[in-house]
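Everything below concerns the one structure shown next.
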Amino acid sequence: MNVYKNKKPAWVFLIPAFLFMAVFLYYPFLQNIVNSFMKIRNLGGGAKGVNNPFYKNYAELLTDPNMRVALKNTVIMIFVTLFGEVGLAVILAMLVDNVKRGTKFFRIVYFFPIVISATALGVLFNLIFQYDGGMLSQLVGEKTNWKELYPLTVMMTPVVWQYVGFYFIILVTGLNNIPEELYESAAIDGATRWQKVRYISWPLLHNVVCTCAVLAVTGALKVFDLPWVMFPNGAPLGKTWLTGTYMYYKTMQAPDIDYSSAIAFFIVILGVILSKVVNKIFKERDY
């Protein structure tokens, strides 16, 4: 028992982990905040003094039309993620939980998209929505420029398709942790399958759904790879900017490092605020 009461050996393992996080997480984050107030144009270049005024980049965030588009699209992405990814994952998890045979097959099928490279998925969906010879155009029977007519729908469809399986696995694991005795007792009392879901599965899955909602909101703020592969540089005509893709553009394509640092810090602040709001809305419950 004395071995478990003595907490000093724990520091031997905690300090290296803390140092690793300090060097590769906290220091870059603080340096990024400093960079947002400096004059830095090229990646890897030195700062040429402090901006005049020092809050210049944050003032530009309020007037930048591309940033307004990126913020609007990101808000849409958050709602699509919550209702499309998490909502669909809840339905699929409930359905699979009520299937007695083939559950492993459905888990593999639904989780499979998450293990595919985002670049490969982007190329795949580009082929699906291609104007000339694309699968969708062939099914409709006429050449349609889907990416110009419905850019946000085309961009968000593969994102939802890829991440439904991620939340599905989390939710199925949560359902598996619900004691089987509760369902057996409900069956003895004459509960229908819908009543079991309504009064047992959903309430006991509530906290897991809360976790998924927070992950979905923060993930929507930083989503980058799939949208960038399908719509680089905010194409068409800057309609598909997201906060993550616009930050990357300002860092790599149109070097403006101090401004991209301000965007990055803004994304972090927005993520913290939204995660708190989501936690308030989906209050975790004790059972």
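The values are calculated or read from the model by the stated rules, or taken from the named source; none is laboratory data. Remember, it's a predicted structure, so these values are computed and weren't measured experimentally. All Cβ positions, glycine included, derive from the backbone under ideal geometry; neighbour counts span all protein chains shown. SASA here: full protein model, heavy atoms, side chains in, ligands and nucleic acids out. Shrake-Rupley method; radii C 1.70, N 1.55, O 1.52, S 1.80 Å.
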All but one of (1) assigned to a loop (DSSP other than H, G, I, E, B); (2) open to solvent by 10 Å² or more (accessible area, probe 1.4 Å) hold for W194; state the number of the condition that does not hold. (1)
Identify the residue in region 198-234 that is in contact (Cβ under 8 Å) with a residue 40 or more places away in the chain and part of a loop (DSSP other than H, G, I, E, B) and, among all such residues, is nearest to Q130 (Cα to Cα). F231
For region 114-166, how many residues meet the condition of being of a type outside the set (F, W, Y) and open to solvent by less than 30 Å² (accessible area, probe 1.4 Å)? 16
Among the residues of region 175-191, count how many are open to solvent by less than 100 Å² (accessible area, probe 1.4 Å), over 15 Å from A93 (Cα atoms) and not in a helix (DSSP H, G or I). 3
Checked I40, I33 against criteria (open to solvent by less than 100 Å² (accessible area, probe 1.4 Å) and outside any helix (DSSP H, G or I)); the one match is I40
Taking region 236-257 and keeping residues assigned to a loop (DSSP other than H, G, I, E, B) and open to solvent by less than 40 Å² (accessible area, probe 1.4 Å) leaves P236, G238, T240, W241, L242, A254, D256
L88, sole failed condition from (1) open to solvent by less than 50 Å² (accessible area, probe 1.4 Å); (2) at pLDDT 90 or above: (1)
So which of A22, A89 is in contact with a Phe, Trp or Tyr (Cβ under 7 Å, 6 or more places away or on another chain), among the aliphatic types (A, V, I, L, M) and over 29 Å from G238 (Cβ atoms)? A89
Go through region 122-146 and give me each residue that's among the hydrophobic types (A, V, I, L, M, F, W, C) and assigned to a helix (DSSP H, G or I). V123, L124, F125, L127, I128, M135, L136, L139, V140, W146
With the structure loaded, tell me whether K8 is farther than 23 Å from I257 by Cβ and open to solvent by 100 Å² or more (accessible area, probe 1.4 Å) or whether it fails that test. yes
Checking V278 against (1) surrounded by 16 or more Cβ atoms within 10 Å (Cβ to Cβ); (2) at pLDDT 90 or above, the condition it does not meet: (2)
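Would you check if there is a residue in region 258-269 being assigned to a loop (DSSP other than H, G, I, E, B) and open to solvent by less than 60 Å² (accessible area, probe 1.4 Å)?
no
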